[in-house]
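The values are calculated or read from the model by the stated rules, or taken from the named source; none is laboratory data. Not measured: the values here are computed from a predicted model. Glycine gets a Cβ as well: all are built from the backbone with ideal geometry, and neighbour counts include every protein chain shown. Surface accessibility is based on the protein's heavy atoms, side chains included, excluding ligands, DNA and RNA. Shrake-Rupley method; radii C 1.70, N 1.55, O 1.52, S 1.80 Å.
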Amino acid sequence: TEVSFFTHTITTTARTTDHGTTGSLIFDFYWGTELYPRILGIDVKVFTNCRFGMTVWPLLTLIFSLKSYELHGFVDSIWVSTTLLMIYFTKFFWWEAGYMRTTDIMTDRAGYYICWGCLVYVPGFYTCPSLFLVENPVVLGPFWSTVILLLGTASIAVNYLADWQKQAVRSSEGKCLVWGKPAKVIRAQYTLESGEKRESLLLYSGWWGVARHFHYLPEILLAFFWSVPAGLTHLMPFSYTIFLIILLVHRTYRDDEKCAAKYGTWWQTYCKHVPYKIIPGIF
């Protein structure tokens, strides 16, 4: 499918920011040639990212939990991890419209990198904590089970509220309250390839006044909280958390570079208001 899709797009697209070729067959195959491709009317990225990757991952998580129950009976650790994951998946699909405005959808093209990642890497690698707990049951006890559940749920809530703030500001054109005060926004002008002028709202109050990519922090903490029920004696359960840290830190640089090129001086002003990327005072 990837080869036929690549062959079709590489012969039918001109080079622009959302589709086209680089002249390198290997790179074009890896990175992709179209931003929003469709096959038989089906959106390729919605299928790979949401309908497959984010559906198979929770299914495998539940399967591993049931296998653990079959082997060991009720073990609190895997059910704490599974509960947090299920809340996270529910939040993802509840907020799916917001996901369509993320880097995965708006910037990354549908090449081998993202298609293989969502079809294979997500369900195969992201389930490491659940898979580990099947063969390595850990008894947390009521206290630690409660603490981890509460902290993990709080991370999901903060991540959702941060995304909700941005969506609320966009939908109201900046005319809304953020933490009980009028939203602080920069109305950044930018120009499309066609020469058309557009405007974006850069929010610098609420969670988005804490750090430019603050919502990555609760996402990383959540990954830690659904992995830590496996204990601290092995690295494997934390492989996804480590990968996520690397991915999101790298993404902050990508996002900042893209926004600096898009908004120019408006972005420089925004960075003065919000100087840190993820963790205020540190990074």
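Just one of the listed residues (ALA211, ALA230) is open to solvent by less than 30 Å² (accessible area, probe 1.4 Å) and under 28 Å from ILE78 (Cα atoms), and it is ALA230. Being among the polar types (S, T, N, Q), out of contact with any helix residue (DSSP H, G or I) (no Cβ under 6 Å at 6 or more places or on another chain) and part of a helix (DSSP H, G or I) holds for only one residue in THR252, THR233, and it is THR252. Residues in region 243-276 that are closer than 30 Å to TYR126 by Cα and among the aromatic types (Phe, Trp, Tyr): PHE243, TYR253, TYR276.
Looking across region 65-77, the residues that are farther than 12 Å from ILE148 by Cα and buried (at least 19 other Cβ atoms within 10 Å of the Cβ) come down to SER65, SER68, VAL75. Candidates in region 181-221 are the residues that are of a type in the set (A, V, I, L, M) and more than 19 Å from ASP256 (Cβ to Cβ); of these, the one that is nearest to the chain's Cα centre (by Cα) is LEU221. Would you confirm, using the coordinates I've provided, whether THR146 is within 30 Å of PRO229 (Cβ to Cβ), β-branched (Val, Ile, Thr) and free of Cβ contacts under 8 Å to residues at least 60 places away in the same chain? When the stated conditions are applied, THR146 passes them. With respect to ILE105, determine if the residue is closer than 23 Å to LYS258 by Cβ, in a helix (DSSP H, G or I) and touching an Asp or Glu at 6+ places or on another chain (Cβ under 9 Å). The answer is no for ILE105. When ALA157 is evaluated against the numbered criteria (1) out of contact with any Leu (no Cβ under 7 Å at 6 or more places or on another chain); (2) at pLDDT below 95, which criterion, by number, is the only one it fails? Failed condition: (2). Taking every residue in region 240-263 that is open to solvent by 60 Å² or more (accessible area, probe 1.4 Å) and pairing it with any residue that is aliphatic (A, V, I, L, M) and assigned to a helix (DSSP H, G or I), at least 6 positions away or on another chain, the pairs with Cβ-Cβ distances below 8 Å are ILE245/ILE220.
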